[in-house]
Each structure stands twice: as C-alpha cells, then as structure tokens.
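Participant: Right, I'll just put the structure down here and ask away after.
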Amino acid sequence: MGYDYDVIVVGGGPAGLNAAIRARWVKRYKAIPCSTLLIENSYPGGLASWRGCLFTGPSWKMEGKDIVRRLLKDVEGLNIGVHQGRVNRINSKGEIKEVFTSDGKVFRSLAVIIAAGIKVLVNERDYLGRGLEVTSMGYEFIVSHLKRVLSQDWKARLVVVGSEKVRNLIPLIQALNHNRSPLLFVIEGDGEGSEDVVRGWVERYWGDGQLQGITVRTTKGLRKIRCGKVLLDFNSYELSPAWRMKIGAKEFGSPFIKVTQDMETSVPGIFAAGDVTSGGYNSFARAVAQGMAAGLSAYRYVYYKKFGTYPILFAYRPTDFQVPSDFEELPPLDGDLLPKSLTDGKEIETLLGKKWAGLSGSLSGKLSIEEIAKKKKLNFEELKKVLKRLVEKKMITFHIEDKR
C-alpha cells in the first residue's frame with residue numbers, strides 16, 4: 001500500500017496553516033519539499049478568522065483575519081491540498097499513518113501534525129453576534145456578561161455550550177437566572193445526559209440570519225434544539241478540550257497532548273501544535289510558532305524516512321561542520337524514488353521547454369525515476385539533473401515505496 005502525502009495536517013487554524021506551509025516550503029536553496037494535505041472541518045483560519053482575534057504588542061495590533069489571509073495566500077500559491085472534513089480517527093501503527101474523516105475518506109501519509117485546537121469548530125462564526133455569544137476576557141467579565149444575558153427572558157430557551165468544565169458555571173447560571181428562562185446545557189463529549197444536560201456534539205447552528213437553534217449529535221442520534229440564544233463557554237474548552245479525534249483505539253491526549261520542544265508526541269511520526277498541546281500560554285503567536293516548529297520537525301522526520309539522513313535546516317538551526325568544495329545539499333537520488341509533482345503541470349512544462357514535454361504527466365508519485373526513464377526513453381542521468389532542477393524550484397518531491 002502506498003501513501004498519498006508526506007505530511008497531513010489536521011486543523012486549519014494559525015498553527016495548522018503555518019505547519020502545512022513550513023512542511024511544504026523550506027527556506028533553503030535546494031530543499032526537497034514535502035507533499036502536504038491540510039484537513040479542516042470549519043472555516044480556514046479557525047478561531048483567528050473570528051471577529052476580535054488580534055495579534056498584539058504594547059503599541060501595535062494586527063487583526064487575526066489579516067494574518068490568516070496572508071497564510072491562506074501561501075497555501076494557495078504553494079498548491080497545498082485542502083480537504084473539508086472532520087478527522088475522527090488516526091491509525092498510527094506502522095510507517096504509514098492512516099487518517100479517517102467523517103465523510104468516509106481515508107488519507108495516508110508518513111507523518112501527521114495534529115493542530116486541531118481545543119474544540120471541534122462547525123459554523124459558529126456565522127452566528128457570532130446574531131444569537132451566539134462567547135465567554136472570554138476573564139472571570140469578572142464572565143459574571144457580568146452572564147448577568148446581562150440572564151436579565152432577559154429567553155422564551156425560546158437559553159442554551160449554554162461547553163466542555164466538561166462548563167459544570168463550573170451551572171450553579172452560577174441557575175442562580176442568576178431566577179427561573180426566568182428555560183435553560184439547557186450542552187456538554188460536548190460522549191456520555192449520558194439528564195433532563196437539563198445534553199451530552200453530545202454540536203453539529204450545526206441554524207437560523208434565518210438570526211440564530212434559531214442548534215443540532216446536536218447524541219448517542220441516540222441527531223437532536224434539533226430550538227433556542228433564543230447560545231452562550232459558548234470558551235473558558236471551559238481552555239480548561240478541558242473537547243475534540244472527537246481518536247488515535248488507534250484510544251483517545252489521544254488527556255486532556256492536552258504532551259510534546260517536546262520540537263513538537264514531537266510520544267508516537268513516532270505524530271506531531272502536535274497550537275492550543276491542543278500542553279503547557280505554555282494560549283496565544284496567536286504561540287500557535288504560529290509551534291506550527292512552524294511542527295512543520296519543520298515533520299519535514300525532518302519524513303526526510304530521514306526517505307533518504308536515511310537528516311536534512312541540514314541551515315536557515316533555522318545552525319550546523320557546525322567543515323564544508324568540502326564538492327558539498328551538495330541534495331542527497332543521492334536513487335532510481336526507486338517516486339517523483340511527485342506539487343504544482344500545475346503547465347508550470348513544469350513551461351520551465352523545462354519542449355524537449356521535456358509530457359514529463360509532468362509521469363510525476364504522479366506512482367512511477368519511479370527508473371520507470372519514468374524507461375517509459376519515456378530518457379537518459380537516466382539527464383533525467384535526474386532535470387528532477388534536481390525541479391526540486392530547486394520546489395515544484396516536485398519524492399515519495400518512497402511502502403516496503404510492507
């Protein structure tokens with residue numbers, strides 16, 4: 001069984017976007033890039049695409065949406081694959097990792113980067129300020145915010161959504177409500193609910209311009225809940241993430257994923273970045289920085305799997321050795337490597353000219369260098385020189401055969 005991508009990134013927030021970009025594009029003259037797939041369930045950019053997300057310093061600020069726009073420009077320019085869907089399981093056994101999505105797809109890769117954040121996002125962004133409100137800005141703000149929300153009479157029901165830690169707010173909310181509005185608490189995760197607590201996963205927020213209800217997947221199936229307002233307790237997710245992904249037969253991370261300084265997890269070939277990792281302060285800057293580290297670490301891991309040696313990441317990590325006059329950064333290209341195009345075939349044809357017309361069609365990651373040379377009746381050494389040129393332009397990578 002072969003594989004589809006060198007690296008699969010789960011989650012399209014700032015950490016995931018930067019991880020995908022760094023694995024695909026390495027700041028080096030002759031860097032062999034990785035084929036990369038980004039899987040995102042909601043909007044690209046994650047929470048950074050919501051209003052109010054800022055990248056700040058004492059005297060300056062940049063809107064999260066502006067930075068996300070720039071990251072997405074790189075994703076598009078580098079032809080990084082993007083799949084819309086939710087990852088529900090990762091099979092981490094063996095050299096090839098399998099990533100299963102809720103729409104029935106299975107993607108295979110040498111490495112996986114988990115940047116799924118602290119909750120599964122759906123379409124919350126569509127109803128922010130239109131019936132959906134979020135707790136944030138500290139406990140005093142949460143209390144004053146609750147007092148304001150609960151001072152109104154929500155005849156169509158007030159729904160509070162959060163992780164297991166939302167239970168910290170239930171007594172306060174009930175006391176402030178004074179039985180004014182019907183209340184319902186949705187705690188995301190598996191388990192049994194009660195009369196006023198629903199256990200399950202929010203699949204969708206819906207309404208005609210203004211929020212009118214939510215759909216929750218419970219153990220008994222989909223349940224549509226009509227409501228006048230939803231209060232999303234983000235503080236609860238920061239304390240105890242609620243994400244539906246499983247790795248093998250077990251939930252991965254409890255409650256956060258432990259990583260090294262290079263974003264490595266306890267499972268070889270599995271990396272993590274962003275809010276889903278343990279320790280540190282949650283911030284946009286941390287997510288972007290960890291995404292970069294995870295992308296480069298995954299790149300390093302994949303490179304070793306392919307070539308049996310580690311790459312010299314000169315621009316990121318100093319390398320101390322005496323440089324011979326015949327030094328080459330590219331490793332020897334063995335004939336059994338599988339060249340895979342990472343760009344539009346027209347770009348390759350334009351760069352190489354008529355002599356190599358039709359070559360791009362063979363760069364599918366399924367034919368080896370030797371097989372392409374025989375099929376196209378090309379000189380093997382000349383073909384390798386051309387492939388090295390395409391590597392310099394970061395237009396191709398090389399896959400390896402699965403030896404299982």
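Read-outs: derived from the displayed coordinates by stated rules, not from any lab. Bear in mind the structure is a predicted one, so any value in this text is a computation, not a measurement. Here the Cβ positions follow ideal geometry from the backbone for every residue, glycine too, while neighbour counts run over all protein chains shown.
Participant: Rounded to a whole number of µm²/s, how large is the Stokes-Einstein D of region 124-239 at 25 °C and 0.890 mPa s, given Rh as the Kirkwood radius over C-alpha pairs? All intermediate terms of the calculation are to be shown ahead of the outcome.
Facilitator: On the way: Rh = 14.1 Å.
So the translational diffusion coefficient is about 173 µm²/s.
Participant: Are there GluC sites (Glu not before Pro) in region 325-376 that DSSP puts in a loop and that have at most 14 other Cβ atoms within 10 Å, and which ones?
Facilitator: Details: sites: Glu328, Glu329, Glu347, Glu349, Glu370, Glu371; in loops: Glu328, Glu329.
Filter output for region 325-376: Glu328, Glu329.
Participant: For the chain, with the dipole built from +1 on Lys and Arg beta-carbon atoms and -1 on Asp and Glu ones, taken about the Cα centre, which of Pro268, Leu390, Val160 lies farthest toward the positive end?
Facilitator: Leu390
Participant: Now, a different point. Shape of region 1-46 from its Cα gyration tensor (a ≥ b ≥ c, root eigenvalues): rounded if a/c is under 1.5, otherwise prolate when a/b > b/c, or oblate?
Facilitator: Because a/c hits 1.5 or more and a/b fails to exceed b/c, region 1-46 counts as oblate.
Participant: Between Glu195 and Arg148, with labels modelled 7 Å along Cα→Cβ, what's the label distance in nm to one decimal, could you check?
Facilitator: My value for the distance between the label points is 3.3 nm.
Participant: Something else: Compute, for region 338-399, the length of the dipole vector about the Cα centre, with Cβ point charges of +1 (Lys, Arg) and -1 (Asp, Glu) only. Units Debye, rounded to 20. Show your work: numbers first, answer last.
Facilitator: Values: 15 positive and 8 negative charges, 21 e Å.
Approximately 100 debye in magnitude.
Participant: Next question. Tell me, how many Å apart are the Cα centres for region 92-116 and for region 253-277?
Facilitator: 15
Participant: Another question about this same structure. Using the Cα centre of the chain as the reference point, and only Cβ charges (+1 on K/R, -1 on D/E), how large is the resulting charge dipole? Debye, rounded to the nearest 20. Display every interim value, and only then the final one.
Facilitator: Working: 61 positive and 45 negative charges, 132 e Å.
So the dipole magnitude of the chain works out to roughly 640 debye.
Participant: Label Asp336 and Val106 with points 7 Å out from Cα along Cα→Cβ: what is the distance between them in nm?
Facilitator: Inter-label distance under the simple model: 2.4 nm.
Participant: Okay, next question. Which part of region 317-346 falls in the paramagnetic zone of Phe380, meaning amide N under 14 Å from the point 7 Å along Cα-to-beta-carbon?
Facilitator: Within reach of a label on Phe380: 333-337.
Participant: Further question: What shape does region 338-399 take by its C-alpha gyration tensor, where a ≥ b ≥ c are the square roots of the eigenvalues and a/c under 1.5 counts as rounded, a/b above b/c as prolate, and the rest as oblate?
Facilitator: Because its axes are fairly even, with a/c under 1.5, region 338-399 counts as rounded.
Participant: In the structure displayed, which of Lys147/Lys246; Lys61/Lys105; Lys305/Lys374 lie more than 28 Å apart, Cα to Cα? Each step should come with its number before you reach the end.
Facilitator: On the way: Lys147/Lys246 38 Å; Lys61/Lys105 40 Å; Lys305/Lys374 26 Å.
Long pairs (Cα-Cα over 28 Å): Lys147/Lys246; Lys61/Lys105.
Participant: Here is a further query. Let's test the formula: R0 of 45 Å, r as the Cβ-Cβ distance of Gln174 and Arg69. What FRET efficiency results, to the nearest 0.05? Show your work: numbers first, answer last.
Facilitator: Numbers: r = 42 Å, r/R0 = 0.93.
Here the calculated transfer efficiency is 0.60.
Participant: Give the calculated FRET efficiency between Ser59 and Lys355 to the nearest 0.05, with a Förster radius of 51 Å applied to their Cβ-Cβ distance. All intermediate terms of the calculation are to be shown ahead of the outcome.
Facilitator: Details: r = 56 Å, r/R0 = 1.11.
Approximately 0.35, to the nearest 0.05.
Participant: How many angstrom separate the Cα center of region 201-249 from the Cα center of region 331-404?
Facilitator: 47
Participant: Explain nothing, just the number: relative contact order of region 338-399, from Cα pairs under 8 Å at least 6 residues apart, as a whole percent. Write out the running numbers ahead of the final one.
Facilitator: Values: 67 pairs, mean separation 30.5, N = 62.
Relative contact order of region 338-399: 49 percent.
Participant: With both bridge residues required to lie in the chain, what share of the DSSP beta bridges run antiparallel, to the nearest 5%? Mind dumping the intermediate values first?
Facilitator: Working: 31 of 69 bridges.
Here the antiparallel bridges make up roughly 45 percent for the chain.
Participant: What is the chain by shape, rounded, prolate or oblate, if you read a ≥ b ≥ c off the alpha carbon gyration tensor as root eigenvalues and call it rounded for a/c under 1.5, prolate for a/b larger than b/c, and oblate otherwise?
Facilitator: On the way: a/c = 2.47, a/b = 2.24, b/c = 1.10.
The shape class here is prolate.
Participant: Separate question: Could you grab the relative contact order for the chain? Cα pairs under 8 Å, six or more apart, rounded to a whole percent.
Facilitator: Numbers: 804 pairs, mean separation 78.7, N = 404.
Value for the chain: 19 percent.
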